[in-house]
Structures are given as structure tokens and as C-alpha cells.
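S.K.: Have a look at this one before I ask anything.
Just so it is clear, none of the values below were taken in a lab; they were calculated from the coordinates. Computed from a prediction, not measured in an experiment: that's the story for all the values here. In this analysis, Cβ positions are derived from the backbone assuming ideal geometry, glycine residues included, and neighbour counts consider all displayed protein chains.
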Amino acid sequence: MKKFIPKIVEESLKLLVQRPEWVQVGALCYRHKKGKLQILLVTSRGTKRWIIPKGWPMPGKHGSPAAKQEAWEEAGVAVAQIESEPLGQYRYRKKMASGLALPVTTFVYPCEVSKVTKNYPEKSQRKRKWFTPKKAAKKVSEPELKKMILDFSTAIAGQGADELHGLGERYGTKSV
């Protein structure tokens, strides 16, 4: 019993100090326009920072299907091919309405965009804009996401739109 009580206190303190990481999924939306690679960013609803479309996994949709749904809701991505495996991940602290900042890991899926629509669910809450990879990397705040955007653009530099469909195979992933 003497060892049991300190163990409970220790475990309780761990839960208070070491909060679990939360998981989101995001779409690194890209296209080739006039032979140049462009990255699609949206503003966050609260702070209006530039981010990639991302959100919480949904019932019945995890991974790339959830990321593709977020791209539709937040950026109006209507037609796209998204890789089934993530390109990578980045961490950030998501500020909640309560003021609490949650540690979040976001898994990022490359998403080749063929068509965006004028009207989409969160149009009135966000701005969307296409950027060169260099400008997109400067616009986002998270260092790991900046690096991912630049590394991604380097990996596909010089490839035409037809070759981009095979991008997932380069990373050992498949499109969905």
C-alpha cells in the first residue's frame, strides 16, 4: 500500500505535466501553372495566420481522405489526387477557445489540385491564395512545415504535371 499511493500521485502528476499529443491531418495542396509549382495556403479562422488546410480526423475518415475533405471545406479544392501516405509531419501548439494550448502533430499528405471552386463551406471564414513554394514557406509559422514545403518543392523541381502523378511512388505511397 505504501508504494501504491506514491505511484498514483506520480502517474497523476505525469498526466498533468505531460499532456498527450493530439493528431490532425493536413493537405499540402499544389499545382503546376505555366510550368511553375504553386502551393495553396489558407488563413486560420482565429489568428488569420497562413496555414495548409488541416483538421481533426473525422468519423469514418482518417488520414488522406480526411485531409482531402479539409482541403475542400477550407480551400474549395474540388478535384484533386491525394497521396495515401503522409509526406511527413510537423508539430505546433493549437490555441483553443479556452486559452489552453494543445500540442498537435499534423500528418501532411501531398494533394495535387486540378480544380478549385468559387464557393465552399468556409469561404466566408478564410482567405485562400496560391504561392510559390519559397513564399509559402515564408508565410507559414511552423519551422517543420516551412522545411517540408521547401523539401517538397525541391523533390519535384523540373517535373511537368504528368510526372507529378508518380510522386507518391517516389515516396513509396499511392494516390487515392
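S.K.: If a paramagnetic tag sat 7 Å from the Cα of E21 along the Cα-Cβ line, which residues of segment 91-128 would have the backbone N under 19 Å from that point?
M.R.: The answer is 91-96, 101-110, whose backbone nitrogens lie closer than 19 Å to the label point.
S.K.: So, R0 is 25 Å and r is the distance between the beta-carbons of E122 and A101; what FRET efficiency does that work out to, to 0.05?
M.R.: Values: r = 23 Å, r/R0 = 0.90.
For E122 and A101, the calculated efficiency is 0.65.
S.K.: Oh, and also: I need the P(r) histogram for segment 20-117: all alpha carbon pairs, bin width 10 Å from 0 out to the longest distance, whole percents.
M.R.: In whole percents, the pair-distance histogram is 16, 48, 29, 6, 1.
S.K.: Okay, next question. May I ask which of K48/K134; K33/K134; K68/K115; K48/K127; K61/K123 have a Cα-Cα span longer than 18 Å here? Please list the in-between numbers first.
M.R.: Working: K48/K134 20 Å; K33/K134 15 Å; K68/K115 13 Å; K48/K127 8 Å; K61/K123 22 Å.
Listed pairs above 18 Å: K48/K134; K61/K123.
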